[in-house]
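Note sheet for the following structure.
The values are calculated or read from the model by the stated rules, or taken from the named source; none is laboratory data. Computed from a prediction, not measured in an experiment: that's the story for all the values here. Accessible surface is based on the protein model in full, side chains and every heavy atom, while ligands, DNA and RNA are left aside. Shrake-Rupley method; radii C 1.70, N 1.55, O 1.52, S 1.80 Å.
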Amino acid sequence: MAGEERAIAVLCRALQGLAPEDFQEFKTKLSEAHVEGGWSIPKASLEKATRPRALASCMGKNYSEDVAMDVAIGLFEEMNKRDLAEELLDEKVKEYKRKYREHVVREFLRYKEVNSCLGENLSVRSRYTDLTIARKPRSEREAAGAGRGCADAGNGPATVTVTAQTLFKPDEDGQTPRVVVLVGAPGMGKTMTVRKVMVEWVEGTFYTQFDYVFCIDCKDIASTKEASMADLVSRCCPHRRTPTGRILDDQEKILFIFDGFEVLGFSLVQPEDELSSDPREVKPLETTLMSLLKKTLLPESSLLITSRPTALQSLGGCLEGEYYAEILGFSAAAREEYFHRYFENDSKADVAFRFARGNEILYSLCAIPIVSWTVCTILQQELCRKTNLLECSKATTQMCLLYLSRLMQCRGKDNPRDLQPFLRKLCSLAADGIWKHKVVFEKEIKDHGLDQADLLPLFLNEKISKKGTDHGNVYSFTHLHLQEFFAAMFYVMEDDEDTVGDPGPLAKDVNMLLESYSESREDLNLTVRFLFGLVSQKSIEYMHKTIGCRTSPRAREDMLRWLQGRHRGTSHPDPALKISELDTFHFLFEMNETSFAQSVLSRFTDVDLQDVKLTLYDQAALSFCIRQWAGLGGVTLRGCSFHREDPGKEPAASVSRYRRQEPHAPIHPLCQALRHSGLGTLRLGSCRLTGACCGGLAAALAENPRLACLDLSDNELGAEGVLQLCQQLRHPACSLRALG
């Protein structure tokens with residue numbers, strides 16, 4: 001109401017600036033004005049409005065605030081009273097800015113998590129925890145998103161560590177980025193970072209250089225065929241009449257955010273002559289976006305694009321002068337902070353964090369925000385049940401299964417097994433989406449028989465369609481990780497009696513999934529990894545006991561044969577059978593079953609990995625397999641790099657409430673495993689090793705009597721490191737014959 005009164009007051013002042021004859025002309029034109037919807041002011045009312053205040057009031061009563069302002073602006077322009085039209089337009093823009101900020105507060109300040117109670121919304125301010133983000137210029141684009149986990153922030157001289165608040169801070173040369181591509185794997189916190197940016201802007205704490213920050217969720221526009229840039233701006237706020245022309249005139253004051261760009265699946269290959277330079281021109285959505293990216297459209301505006309690494313190639317082909325900011329995850333201090341922000345109770349947070357910190361693998365995975373969230377969610381539920389946390393499962397798949405069982409109990413019914421038919425259909429939808437690169441569903445919900453109002457909200461996020469009442473709502477899994485998890489379940493769950501013989505929309509063929517992954521579909525990696533976790537004996541027993549689902553024994557056999565045979569097609573100069581794909585170790589580690597790992601590894605004799613960034617998770621997976629590998633003869637990690645526990649440097653002011661141990665050398669997990677293996681050859685050439693690594697290597701020399709060949713060439717070990725190794729060579733148990 002205050003906004004309407006202010007608009008009418010401005011309109012009144014404008015009318016008061018008219019000469020008597022102009023005022024009469026305005027009234028005449030107003031009586032003839034065509035207003036959308038056919039509504040016009042009654043003639044009697046106009047005749048009574050003999051003064052500016054009365055006429056402004058009359059217009060306010062008969063029109064909405066927006067319509068009254070638009071009509072007046074149009075009439076002033078017809079009368080060549082451009083100064084008055086500009087005055088009203090300025091007020092209209094101010095009012096829009098106020099309403100848009102109110103909209104941003106409603107949309108972004110608070111959000112709902114999947115485990116929130118009905119009506120419970122969480123504050124971004126109280127929950128958001130700073131991520132370690134490494135910003136790199138275009139020249140280092142290839143490095144962005146290349147790792148499989150938390151990378152080393154100090155990866156190159158041009159890398160700058162930034163936060164959500166400083167993505168657009170000037171670089172070393174004083175250049176302020178116009179385009180920033182925020183890269184991260186699913187679950188690394190891209191969307192939460194976008195929320196933080198929006199909140200910082202609307203509160204005026206950061207991003208004050210922009211008058212407008214428009215956030216466009218790419219899932220919302222994925223089904224849009226054609227649009228202009230003005231159309232996309234109008235979608236960002238429910239304000240009925242957006243003054244897009246005036247807003248877009250001041251380009252350098254606008255930041256556009258496109259969240260989840262990979263969802264669009266655009267190749268971004270368009271002829272130059274088809275690109276647009278007019279923000280009001282309606283073009284195919286891909287053409288409009290490419291025009292914005294290539295700066296033929298609104299060239300002075302700024303862009304923040306979040307994407308998975310898979311979309312980097314197409315983006316890089318049409319961007320110029322862009323910077324790439326890779327989300328590396330939570331530092332050690334941030335992980336602890338996140339636990340305390342999540343629990344909002346220091347006592348419970350301390351118990352939960354000690355549990356996670358006590359398991360090196362689980363703790364390292366908590367550097368990934370979605371894993372921290374999953375672990376906190378599960379531990380909160382376990383603490384409410386007063387369960388001994390030592391009994392809580394630590395594997396990623398087991399965590400997801402435990403989360404699923406809790407989700408199935410949210411209905412308040414004792415027997416979750418009556419959800420099995422729905423769960424099978426849900427898993428079918430997830431798998432179908434994974435195959436088709438689809439994360440947003442509409443008609444597929446009904447096609448899969450999932451249109452059940454009491455169950456659907458438990459598993460899928462719902463968004464009201466913006467296409468109109470003739471279209472249904474759209475749905476997506478709460479996170480791509482969960483869609484990939486449910487897709488894996490589709491392949492291992494046995495059908496019940498009612499569905500046996502029903503082929504369904506997708507063939508339940510594990511071999512087809514595995515072969516497709518091997519041949520071309522690298523994006524299926526996490527689905528395959530979950531697949532191995534689900535066929536572990538522990539998962540099979542848990543699914544049957546808690547969820548009531550039986551697992552197909554054939555799937556386990558097929559996966560064993562696939563792993564045993566997948567490296568045989570690789571030719572080597574020597575007869576040794578080598579494992580040269582890191583994901584093999586990931587799969588065995590996720591399954592975490594000694595007998596299965598031994599069955600696979602017994603067919604091979606060597607590890608041969610080249611130029612791989614080995615995260616702590618990678619090292620843990622490799623170390624697990626080395627411990628189970630009785631016939632391991634040699635390990636070659638030529639040109640590989642080992643990353644530390646933390647994704648970035650600790651802030652100087654960061655003080656933990658726990659006494660921290662001195663950090664291990666980056667190669668520590670591998671050295672621990674090597675101490676218990678019988679391999680004869682270890683090649684670590686060009687692995688960026690330093691003297692800090694030599695203590696662990698020296699211990700491995702002493703405790704592995706079969707190690708005869710060690711290659712440490714092209715590393716910077718330093719005099720002290722070499723001395724440690726030389727001292728160990730004198731150990732009676734050391735049988736080393738060749739040292740490079």
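Please give the per residue accessible area of the range 7-98, computed with a probe of 1.4 Å over protein heavy atoms only, in Å².
On the way: 4880 Å² over 92 residues.
Counting only protein heavy atoms, the per-residue value for the range 7-98 is 53 Å².
Ranked by accessible surface with a 1.4 Å probe, highest first, in what order do Arg125, Arg308, Arg688, Arg706 come?
Values: Arg125 125, Arg308 55, Arg688 175, Arg706 150 Å².
Highest to lowest solvent-accessible surface, that is Arg688, Arg706, Arg125, Arg308.
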For the range 258-302, what does the accessible surface come to per residue with a 1.4 Å probe? Please give it in Å². 41 Å²
The correct ranking of Lys425, Lys29 by accessible area at 1.4 Å, largest first, is Lys425, Lys29
Per residue solvent-accessible surface (Å²) - the range 680-740, probe of 1.4 Å: 52 Å²
Give the accessible area for Ile216 in Å² (nearest 10); use a 1.4 Å probe, count only protein heavy atoms, and leave out ligands, DNA and RNA. 10 Å²
For Ile73, what accessible area in Å² do you get when you roll a 1.4 Å probe over the heavy atoms of the protein chains, rounding to the nearest 10? 20 Å²
What figure, in Å² to the nearest 10, do you get for the accessible area of Glu91 with a 1.4 Å probe and non-protein molecules left out? 30 Å²
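Leaving ligands, DNA and RNA out of it, report the carbon-plus-sulfur percent of the accessible area of the range 169-320 at a 1.4 Å probe. Kindly include the intermediate steps, with their values, before the conclusion.
Numbers: 2630 of 5900 Å².
That fraction is 44 percent.
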When the solvent-accessible surface of protein heavy atoms is calculated with a 1.4 angstrom probe, in what order do Glu21, Glu444 fall, highest first? Glu21, Glu444
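Measure off, as a whole percent, the carbon and sulfur share of the 1.4 Å-probe accessible area of the range 516-561, all protein chains present. If you can, show how the numbers build up before the last one.
Numbers: 1010 of 2170 Å².
Here it works out to 47 percent.
Could you work out what % of the accessible surface of the range 7-98 is carbon and sulfur, using a 1.4 angstrom probe and leaving DNA, RNA and ligands out of the count?
Working: 2360 of 4880 Å².
Here carbon and sulfur together make up 48 percent of the probe-accessible area.
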Of Lys92/Lys294; Lys225/Lys443; Lys136/Lys436; Lys136/Lys190; Lys81/Lys283; Lys112/Lys538, which ones are farther than 28 Å apart at the Cα? Lys92/Lys294; Lys136/Lys436; Lys81/Lys283; Lys112/Lys538
